[in-house]
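> Here it is, the structure, as structure tokens.
The values are calculated or read from the model by the stated rules, or taken from the named source; none is laboratory data. What you are looking at is a predicted structure, and each value in this text was computed from that prediction instead of being measured. Neighbour counts run over all protein chains shown; Cβ positions are idealised from the backbone, glycine included. These area figures cover heavy atoms from the full protein model, side chains too; ligands, DNA and RNA do not enter into them. Shrake-Rupley method; radii C 1.70, N 1.55, O 1.52, S 1.80 Å.
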Amino acid sequence: MDENKIDLSLKTMQLLQERTPPQDPGMDGPVRRTSRRIREKQNQEKNQILSPKCLTFTSEKNDSEEEEDIEEAEVKDDKESLPGYREGLSEYELERLENIRQNQAFLNTLNLPQISEALRPKPKPTQKGLKREKTESEMLPVRKSLRLQNKGPQTTLTLDTTSYAAREPEEKTKKAPGPIPLDPINLDEHVRLPEDLVKLWNEAPLKQEAGTSDLISYQQMLQKLSINDSCVVKVVKDRICSAAFHPTSSDLLMAAGDKSGHLGLWKPDASWGDDGVIYFEPHSRAITSMAFSSRPCNLITVSYDGSVRSMDLEKAVFDEVYHSSSGLKSFDFLSADCSSLLLGEWNGDVAVVDRRTEKIYESLYTMAANPLRCVHVHPVQQHYFVVAESRFVNIYDLRHLKRRNNLAVGELNGHSRSVSSAFFSPLTGNRVLTTCMDNTIRVFDTSLMEGRSPVLKSITHNMQTGRWLSKLSAVWDPKQQDCFVIGSVDRPRRIQVYHESGRRLHTFRNMDHLTTVCSITAFHPSRNTLLGGNSSGRLHIFTDSFIN
């Protein structure tokens, strides 16, 4: 009986020793002795621990076998660098730490910090140019029901049956006929125009040598043009309808007209006005076309209000050159000295005006019953001019015009919808570039004026700008005979330059500064600079010269 109790106590002691984990020699307290069987089992478990990068079990290794190479040393270092690593961890814990390490390595390859930084909303660029006017909101009276007003129900209701389309907006008062003083809106009354502006205005333009550079060098020039923060400025307050470069080559000076009849001048590095912008109001409706004349230098503007005005800085006035009862859409110079103008009216008439006389007009001709959207004079044979009449584009000879029933000498057919513009090529006039609402840009061969001019190339381009944007119009580069530029409604926003063969030479894009549709585009006549105007009144310029 006593022997059985002794055997039972011995077995109990052995079980307790097996369940008690071994203690490190450095720990306080007595060190318990383990049996030979337990020590052998612990040694086997240590030998079976594999590297974290290989979790498959292999055959046992003897303690005497030590195969230490460079890879095993790196694996050991990696294992010891794992968070929470200690001697005697189980296989499950080592596998868990290895999974943590692999997941962390995978997340590092995704570059999540860089992606999250790129997705953060970027700060808006500084708004340069005209400042937004602060308007106080009108306090309307509190609306009360008839019950609160102690009134009975009304049996007769007065409803406004006028349709929304018939409600015309209140028109601005028309400008008085005759000259208008040149008073900037954004400058104080006693402040005179800056002297450096007047000096730059009267500079003689640089004479360009007639010729066309090769496409490779021209394409390289386009690739050098860039835009930055200082190249985007609000010049007018409403949608830009026309814009032009001053012909001087010493510095940049641009003009833009909006749909409300306002005119803005912008010199990028100037300190006067609002960031170099001076603001005028010569017209009461949209400024549809503008161009700088030479000898002396004046800015000619035409408007839907039927007036043609000449901006003269020396006299400090907007002289009235011509006035019509119909709206004016387009014009061009008929002579090299810019003394005669060819005007296209909205009612289908063409007027020839001599600025040197005091007559209302030199002569008036009826082209068609449809509105004339564009007129342009041949650069060499200036008695020829092209007219965009709704769906038809015709060439007329000024020497053979009559008051009515005029016949065209040349026809440019193939347009299925209304034509926005038609321009002769700048140097020879052997090409005519048309922009049509059937989403097509066409290049015609007009080396022979008479008869039907053949179509050299048709380029598909989206022209559907909608109601709130100015119509797209392809315009020639005055320095390059066979290349033209046009805006685009595609995303990301862009401005595209084409060769007359249909080859796209360059696309201007910038995700930071070109974020809207630039319907109005133009190249500088002598410098490597391109402008684009949008519907919010901002001008964007791409140039190869740095602007401070």
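> Rounded to a whole number, what % of the accessible area of the range 412-451 do carbon and sulfur atoms account for, probe 1.4 Å?
C and S fraction of accessible area: 46 percent.
> Rank I100, I541 by accessible area, highest first, at a 1.4 Å probe radius?
Working: I100 75, I541 0 Å².
Sorted descending by solvent-accessible area, the residues read I100, I541.
> Sort R452, R493 by accessible area with a 1.4 Å probe, largest first.
Ranked list, largest accessible area first: R452, R493.
> For the range 366-477, what is the percent of antiparallel DSSP beta bridges, rounded to the nearest 5? Spell out each step's value before the answer.
Numbers: 30 of 32 bridges.
The answer is about 95 percent antiparallel.
> Cβ under 12 Å from S488's Cβ, S488 left aside: what net charge do those residues give with Lys, Arg +1 and Asp, Glu -1?
+4
> Please report the antiparallel percentage of DSSP beta bridges with both residues in the range 402-548, rounded to the nearest 5.
In the range 402-548, approximately 95 percent of DSSP beta bridges are antiparallel ones.
> Relative contact order for the range 201-323: what percent, with Cα pairs under 8 Å and sequence separation of 6 or more?
About 17 percent, as a whole number.
> Then there's this: What order do you get for 437-444, 478-485, 106-113 when each peptide is scored by the mean count of other beta carbon atoms within 10 Å, highest first? Show your work: numbers first, answer last.
On the way: 437-444: 19.6, 478-485: 22.1, 106-113: 9.6.
Ranked from most to least packed, the peptides come out as 478-485, 437-444, 106-113.
> Then there's this: Which residues' amide hydrogens lie under 5 Å from the amide hydrogen of K128, considering only partners 5 or more residues apart or on another chain, with H built in the peptide plane?
K234
> Treat every Asp and Glu Cβ in the range 435-548 as -1 and every Lys and Arg Cβ as +1, leave all other atoms uncharged, and give the resulting dipole magnitude about the Cα centre to the nearest 20 debye.
About 320 debye.
> Of the listed pairs K174/K259; K175/K315; K234/K315; K131/K199; K237/K315, which have alpha-carbon separations greater than 21 Å here?
Too far apart for the 21 Å limit: K234/K315; K131/K199; K237/K315.
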